[in-house]
Structure formats: structure tokens, C-alpha cells
Amino acid sequence: MGNTRRSGSACAATILRPWRFFAGIELRGWEGVRKIKTGWETADLFAFLTRRPNEVVRPVHREAMPVILTEADELEVWMRAPWSEAKALQRPLPDTALEGFDRGAAQG
């Protein structure tokens with residue numbers, strides 16, 4: 001799909017709360033073939049969940065944004081609750097929870 005960033009685009013910046021965690025998953029000791037060149041391997045795999053972007057992130061990345069947990073109780077649910085409850089956290093942040101900034105302006 002090519003590059004989804006516009007030249008000189010704004011990018012998502014600071015979350016306006018002290019809690020900032022990506023909702024992620026890990027699988028330690030996975031065994032299989034990820035690359036034919038490498039062959040069979042044992043690996044620790046990590047990933048973070050994404051969701052459709054909110055209006056702040058969309059100009060930078062039209063396809064997805066990370067699922068960001070901003071409250072202590074959300075972190076607790078993500079880490080301990082069954083998927084039937086935790087999956088409700090897989091949503092974009094409200095537009096007011098992020099700021100955007102121009103990359104060029106931030107550097108100079």
C-alpha cells in the first residue's frame with residue numbers, strides 16, 4: 001500500500017495523562033519457521049495491538065494506531081482479565097487524548 005505518511009506531516013505526540021502503555025502480547029519460546037533462510041528456530045515473540053486511527057493519528061498513518069492504555073484500571077484489565085473482557089480495550093483513543101505536532105517544528 002505504499003507510504004501512508006504525507007510529506008511534512010504531523011505525528012501523534014504526547015498523551016496528556018501519566019499512564020502510557022501499549023496493549024501488547026508476548027509468546028516466549030515459540031518454535032517454527034519465520035524465515036526460510038533461517039529455518040526452524042525458537043524465538044520470543046512480541047507484538048502490540050492496533051486499531052483504526054483517531055483523527056489526530058490519521059493524517060500520519062491512515063491504517064492503524066496502537067491500542068494505548070491510559071488508566072491504571074485499564075492496565076489491570078489488560079494484564080489479568082479474560083479476553084472476553086480485555087478485548088473492549090481494543091479501541092482508538094479519543095481525539096482529545098493526544099496532541100499532534102509538526103515534525104519539522106519539533107526539530108528546529
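The values are calculated or read from the model by the stated rules, or taken from the named source; none is laboratory data. Values in this document were obtained by computation on a predicted structure and should not be read as measured data. Because the Cβ atoms are built from the backbone with ideal geometry, glycine has one as well, and the counts that use them run over all protein chains shown.
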Boolean, Phe46 is surrounded by fewer than 12 Cβ atoms within 10 Å (Cβ to Cβ), within 13 Å of the chain's Cα centre (by Cα) and at pLDDT 85 or above: yes
Residues of region 24-55 that turn out to be within 21 Å of Ala88 (Cα to Cα) and not in a strand (DSSP E or B), as a count: 5
